1. For the chain, what is the accessible area per residue in Å², given a 1.4 Å probe and the full set of protein chains?
2. Using a cut-off of 13 Å between beta-carbons, work out the net charge of the residues near Ile192 (Lys and Arg +1, Asp and Glu -1, Ile192 not included).
3. How large is the dipole of segment 25-180 about the Cα centre if only Lys and Arg carry +1 and Asp and Glu carry -1, each at its Cβ, rounded to the nearest 20 debye?
4. Once phi is turned into θ = phi - 60°, what whole-Hz ³J(HN,Hα) does the Karplus curve with 6.51, -1.76 and 1.60 give for every residue of segment 182-187, x standing for Gly and Pro?
5. Percent of accessible area on segment 59-197 owned by carbon and sulfur, 1.4 Å probe?
6. So how tilted is helix 22-34 from the main axis of the chain? Cα-based, degrees 0 to 90, rounded to 10.
7. From the protein chains alone at 1.4 Å, what is the descending order of accessible area for Glu23, Glu165, largest first?
8. Of Pro57, Ile192, Ile89, which is farthest towards the positive pole of the chain's charge dipole, taken about the Cα centre with +1 and -1 on the beta-carbons of Lys, Arg and Asp, Glu respectively?
Amino acid sequence: MPLPDDYGQGVNFPVLGDTPNIETAFSGVVNGLVKRTTMRFADANERAATLSGLTAPVAGMVTYLVAEDRLEVRMADGTWQPLTPGPWIPLTFGTGFVARTGSPAYRVVNGSVELRGTFQRTAGTAFAKGTTFTPLTLPAGARPSTYRYFIGRTEWAADMYGGIEVAPDGTINIGIPNTTGTAASWMSLDSIRFTLS
């Protein structure tokens with residue numbers, strides 16, 4: 001009858017009284033250890049194909065995805081969460097808006113989403129003061145569970161700030177204050193970081 005390891009990690013090892021069977025003895029030890037190491041896969045698709053059935057992923061499992069260059073951990077809710085920053089994924093702007101500088105993108109880091117870059121109207125014209133508009137919508141994997149609010153930086157010679165609302169449906173709504181002076185013609189997303197939960 002195999003005995004468990006002294007650290008309580010569920011890795012069983014054979015004892016002298018067990019019926020001799022080297023294959024069974026080693027498979028129990030190897031399989032017990034492998035699922036507790038950092039497993040390596042070419043990408044998330046290979047991981048999904050490999051970790052199924054009897055080798056289905058369990059909470060606490062850690063994998064390294066080569067194509068994504070990222071460590072991920074399996075959570076108790078059945079999701080994989082990045083342990084290292086994921087790649088920056090370019091943002092797709094809605095009609096009337098384009099990227100300006102800073103390569104606008106998002107990435108997921110340890111259950112949080114980070115945004116970067118600046119955007120402007122397609123024509124390069126100033127934003128209308130006292131208005132709210134929606135320049136983009138985040139994809140499903142990068143949306144907060146509740147509304148999040150931020151102050152965003154604009155150009156020096158203008159309003160210098162605007163309100164940013166990130167909604168649970170992924171829409172990013174921008175509010176430009178109704179102030180006097182020059183209206184801003186671009187907005188930064190660099191201040192935005194929020195948790196997914």
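The values are calculated or read from the model by the stated rules, or taken from the named source; none is laboratory data. All of these numbers come straight from a predicted model, not from anything done at the bench. A quick note on method: Cβ atoms are made from the backbone with ideal geometry, for glycine too, and the neighbour counts reach across all protein chains shown. Accessible surface is based on the protein model in full, side chains and every heavy atom, while ligands, DNA and RNA are left aside. Shrake-Rupley method; radii C 1.70, N 1.55, O 1.52, S 1.80 Å.
1. Values: 11160 Å² over 197 residues.
Roughly 57 Å² per residue, with all protein chains present.
2. +3
3. The calculation lands at about 120 debye.
4. 5, 7, 6, 10, 8, 9
5. Working: 3770 of 6680 Å².
The computed percentage sits at 56.
6. On a 0 to 90 degree scale, this one is about 20.
7. Glu23, Glu165
8. Ile192
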